[in-house]
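All remarks here apply to the structure that follows.
The values are calculated or read from the model by the stated rules, or taken from the named source; none is laboratory data. Everything numeric here is computed off the predicted structure, so don't read it as measured data. Cβ atoms come from the backbone with ideal geometry, glycine included; neighbour counts cover every protein chain shown.
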Amino acid sequence: MSSLSFLAGSKALKRLQREGLSPDVFKLVAGAAGGPKWLVLSQLDRLLFGEFFRERREPLFLLGSSIGAWRFAAASQKDPESAITRFEDAYIQQRYNVKPSAQDVTDESYRILDEFLAASGQQNILSHPTHRLSILTVRSHWPTASDGHLALSLGLAGAGLANVLSPRALNLFFQRTLFFDSRLSPPFLRAPSFASVPVPLTPTNIRQAIMASGSIPLVMAGVSDIAGAPKGVYRDGGIIDYHLNVPFLPPDDDQLVLFPHFEEKLIPGWFDKQLPWRKHHADRMSNVLVVAPSPSFIASLPFKKIPDRRDFMQWQGQDEERIRSWREVIQACRRLADDFHEVVAKGTIADRLRPLF
């Protein structure tokens with residue numbers, strides 16, 4: 001049984017079959033939104049950023065939405081494996097009252113963020129020798145700018161209905177805002193199909209930007225008036241860029257994108273979860289390699305599923321049971337890292353590749 005699935009777009013398929021899997025074929029790593037689902041990737045992240053990309057000398061762009069941005073903020077520390085461990089430990093130790101408020105969840109999220117950033121984490125990101133982090137958020141337009149439950153709920157309902165007609169209609173409710181490492185402009189920044197407000201990351205806004213990217217509407221409070229960005233309330237980047245249906249690289253760029261993902265299925269936007277006809281653009285994914293737990297591996301996990309936010313409800317008032325289950329999943333997912341390592345060491349990627357579309 002293969003633990004990992006390797007799904008490649010058309011360009012990526014040809015290049016990997018020809019040259020094999022090595023850190024130098026990649027220009028960018030993508031990280032999607034997904035909350036606790038990220039725990040299935042924590043062992044693979046340790047391998048990728050602690051070993052696979054360790055000797056890299058060329059810039060490596062990291063594009064993260066929501067929990068993807070948090071993962072990459074941890075991976076951009078001087079000791080990425082230790083930072084990922086701190087992030088993992090702090091994350092699984094979340095504890096709430098039976099009915100936590102949005103502020104309760106926000107306060108706990110800041111605790112998690114500060115736990116793995118520690119004293120020098122923000123500076124580590126901005127001075128990393130190779131990593132160039134980009135963080136996806138959205139700036140909310142009224143009524144989605146309100147943290148009042150009724151107004152925000154109505155705004156989200158309106159956005160959901162508008163999205164059925166067209167994803168572009170979400171621009172009435174949200175504006176994509178990209179916080180990026182200004183030492184080197186990311187390759188997607190000026191793409192015609194990537195409409196965004198670019199804001200350089202600085203020591204005064206990076207903590208807020210990371211928090212905003214994961215601020216789930218109704219679950220957490222929005223982040224207001226981030227330094228250096230247009231005034232407003234910023235929320236979870238996954239609202240628009242859930243699984244990153246974006247033009248990662250220019251069409252003439254022959255390098256690839258590594259996309260470690262929670263599962264094989266890709267959903268473009270947060271509001272597309274119930275729209276099975278809404279798919280990623282194949283041309284944007286042509287140079288992408290998606291690496292994800294195989295369905296058979298997921299079926300072998302405790303409760304035959306990966307962690308998700310519903311676990312907080314399932315184990316409400318039973319935090320120790322949830323924590324024990326999540327730790328079992330994390331331990332089992334060591335197989336994903338081992339599988340990736342073996343494919344690289346033995347040069348067997350060509351035998352494992354499947355077309356993404």
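Just one of (1) of a type in the set (D, E, K, R); (2) within 26 Å of residue 248 (Cα to Cα); (3) free of Cβ contacts under 8 Å to residues at least 40 places away in the same chain fails for residue 89. It is (2).
Restricting the search to helices (runs of 4 or more DSSP H) fully inside the stretch 1-100 and requiring at least 1 residues that are under 27 Å from residue 355 (Cα atoms), in contact with a strand residue (DSSP E or B) (Cβ under 6 Å, 6 or more places away or on another chain) and not aromatic (Phe, Trp, Tyr) gives 10-19, 42-47, 67-75. Scanning the stretch 258-280 for residues that are closer than 16 Å to residue 35 by Cα and of a type outside the set (Phe, Trp, Tyr) returns 260, 261, 263, 265, 266, 267, 268, 269, 273.
Yes/no per residue for (1) touching a Pro at 6+ places or on another chain (Cβ under 8 Å); (2) within 19 Å of residue 32 (Cα to Cα); (3) polar (S, T, N, Q):
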position: 150; (1), (2), (3): no, no, no
position: 153; (1), (2), (3): no, no, yes
position: 166; (1), (2), (3): no, no, yes
position: 176; (1), (2), (3): no, yes, no
position: 206; (1), (2), (3): no, yes, no
position: 216; (1), (2), (3): no, yes, no
position: 224; (1), (2), (3): no, no, yes
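Residues in the stretch 101-110 that are among the aliphatic types (A, V, I, L, M) and not in a helix (DSSP H, G or I): 0 in all. Each residue in the stretch 299-313 was checked for being farther than 28 Å from residue 218 by Cβ and either of a type in the set (D, E, K, R) or surrounded by 18 or more Cβ atoms within 10 Å (Cβ to Cβ) (or both), and 1 of them qualify. In this structure, residue 200 qualifies as touching a Gly at 6+ places or on another chain (Cβ under 7 Å), surrounded by fewer than 20 Cβ atoms within 10 Å (Cβ to Cβ) and closer than 23 Å to residue 71 by Cβ.
For the stretch 8-20, residues that are surrounded by fewer than 23 Cβ atoms within 10 Å (Cβ to Cβ) and either in contact with a helix residue (DSSP H, G or I) (Cβ under 6 Å, 6 or more places away or on another chain) or not polar (S, T, N, Q) (or both) total 9.
Assess whether residue 22 counts as being within 26 Å of residue 251 (Cβ to Cβ), of a type in the set (S, T, N, Q) and touching a residue at least 24 places away in the same chain (Cβ under 8 Å). Answer is yes for this residue.
The residues of the stretch 41-95 that are among the hydroxyl-bearing types (Ser, Thr, Tyr) and under 13 Å from residue 31 (Cα atoms), listed by number, are 42, 65, 66. Within the stretch 279-286, the presence of a residue that is surrounded by fewer than 19 Cβ atoms within 10 Å (Cβ to Cβ), of a type in the set (S, T, N, Q) and out of contact with any His (no Cβ under 7 Å at 6 or more places or on another chain) is excluded.
Looking only at residues of the stretch 50-61 that are under 20 Å from the mean Cα position of the chain (by Cα) and under 22 Å from residue 182 (Cβ atoms), we find that the one that is surrounded by the most Cβ atoms within 10 Å (Cβ to Cβ) is 61. Scan the stretch 221-242 for residues that are farther than 26 Å from residue 260 by Cα and part of a loop (DSSP other than H, G, I, E, B) and the total you get is 10.
This table checks each residue for (1) under 30 Å from residue 320 (Cα atoms); (2) of a type outside the set (A, V, I, L, M, F, W, C); (3) surrounded by fewer than 23 Cβ atoms within 10 Å (Cβ to Cβ).
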| site | (1), (2), (3) |
| --- | --- |
| 30 | no, no, no |
| 33 | yes, no, no |
| 38 | yes, no, no |
| 47 | yes, no, yes |
| 82 | yes, yes, yes |
| 97 | yes, yes, yes |
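Residues that are modelled with pLDDT of 95 or more, under 27 Å from residue 306 (Cβ atoms) and crowded, with 22+ Cβ neighbours inside 10 Å: does the stretch 224-235 have at least one? Yes, the stretch 224-235 contains a residue that is modelled with pLDDT of 95 or more, under 27 Å from residue 306 (Cβ atoms) and crowded, with 22+ Cβ neighbours inside 10 Å. For the stretch 117-131, which positions are more than 19 Å from residue 54 (Cβ to Cβ) and out of contact with any Pro (no Cβ under 7 Å at 6 or more places or on another chain)? Once the filter is applied, which keeps residues that are more than 19 Å from residue 54 (Cβ to Cβ) and out of contact with any Pro (no Cβ under 7 Å at 6 or more places or on another chain), the stretch 117-131 yields 117, 118, 119, 120. Taking (1) loosely packed, with under 14 Cβ neighbours inside 10 Å; (2) at pLDDT 95 or above in turn, residue 207 satisfies each apart from (1).
Within the stretch 321-357, the residues that satisfy the criterion of being surrounded by fewer than 15 Cβ atoms within 10 Å (Cβ to Cβ) and farther than 14 Å from residue 6 by Cα are 321, 324, 328, 331, 345, 346. The number of residues in the stretch 137-189 being surrounded by 19 or more Cβ atoms within 10 Å (Cβ to Cβ), polar (S, T, N, Q) and out of contact with any strand residue (DSSP E or B) (no Cβ under 7 Å at 6 or more places or on another chain) comes to 1.
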